[in-house]
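The values are calculated or read from the model by the stated rules, or taken from the named source; none is laboratory data. Note that the structure is predicted; figures quoted are calculated from it, not measured. Please note: Cβ atoms are built from the backbone with ideal geometry, for glycine as well, and neighbour counts cover all protein chains shown.
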Ligand SMILES: NC(=O)c1ccc[n+]([C@@H]2O[C@H](COP(=O)([O-])OP(=O)(O)OC[C@H]3O[C@@H](n4cnc5c(N)ncnc54)[C@H](O)[C@@H]3O)[C@@H](O)[C@H]2O)c1
């Protein structure tokens, strides 16, 4: 296949954790990829081999700059929109960055998609749109009651997706991810604890009553790729459908690493949602069947979070 006959897509935030896994899968499936990423949390190095092969073009720029996005989107069939202030604490610490990136940036992405005439946009939303749900598991029809700025920014992003779909004829598919883990992540509980456990440091538990729906990154990528088949506007929960208590996670991490680290209780953090389990009925109907044990990949990724020795 010649380069010009391959399809081309844009991945915003493609140098980030989930983005890099998505880019690898797209390239493996014969698609050329343009990545736009401001490298706030991204890594250019991990995409270097694809750049050398001429399969990935990295545009180091900001989705808040419409001109940059419009240029990056030209000639692309699909936009996978992942660029974001991607975590609850970060959004709380810097509301302006989270609103300008997650809301204004998303509007820029949708406008660029309309201008470029792309076939579809996939928006990575979050389980945080539901806030603290009164009952579990949580279905897609539950109300949007975000508890924190990050969740609020994703609700706004979804609203603009629907508005662009309705008024511009843009096809937009919304995927609400649970808590994704896998190799290459940083700053979230699983990477932090795998590193701490292997360094003999304490595992700090904020609160202790949390129940989290952990999702393997491979399933998140499957869902993003399948989303283009869903139809407008079809929010889809992507989770394991299994709740893991935060204290059970600590125990599993100590088991898989053989660590004797202490588990230390800290005060809970008010902005965090305590409990979430996704209702996976709808994703299963689309052939996305989660693994029975959501934490089954912990042992395989633990070495990648081991502290450097020597
Ligand atoms: N990881 C999860 O558990 C999870 C759960 C639910 C939803 N999501 C959503 O999935 C998407 C990807 O998450 P992730 O875990 O890969 O996050 P990540 O932070 O690793 O990746 C996001 C990428 O976006 C880039 N970025 C941030 N602001 C930007 C801006 N203004 N312009 C251009 N690029 C910018 C960052 O540099 C980073 O590379 C995000 O939209 C996130 O909100 C993630």
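Taken together, the residues in region 258-294 that are assigned to a loop (DSSP other than H, G, I, E, B), within 24 Å of residue 140 (Cβ to Cβ) and touching a residue at least 60 places away in the same chain (Cβ under 8 Å) amount to 14. Within region 127-136, does at least one residue satisfy the condition of being closer than 25 Å to residue 291 by Cα, in a strand (DSSP E or B), touching a strand residue (DSSP E or B) at 6+ places or on another chain (Cβ under 7 Å) and within 14 Å of the ligand (Cβ to nearest atom)? Looking for residues that are closer than 25 Å to residue 291 by Cα, in a strand (DSSP E or B), touching a strand residue (DSSP E or B) at 6+ places or on another chain (Cβ under 7 Å) and within 14 Å of the ligand (Cβ to nearest atom), one finds none in region 127-136, hence no. Taken residue by residue, region 8-20 has at least one member that is at pLDDT 95 or above, within 14 Å of the ligand (Cβ to nearest atom) and more than 19 Å from residue 106 (Cβ to Cβ).
When 157, 187, 151 are checked against the criterion of being closer than 18 Å to residue 239 by Cα and either within 13 Å of the ligand (Cβ to nearest atom) or modelled with pLDDT under 95 (or both), 151 stands alone in meeting it.
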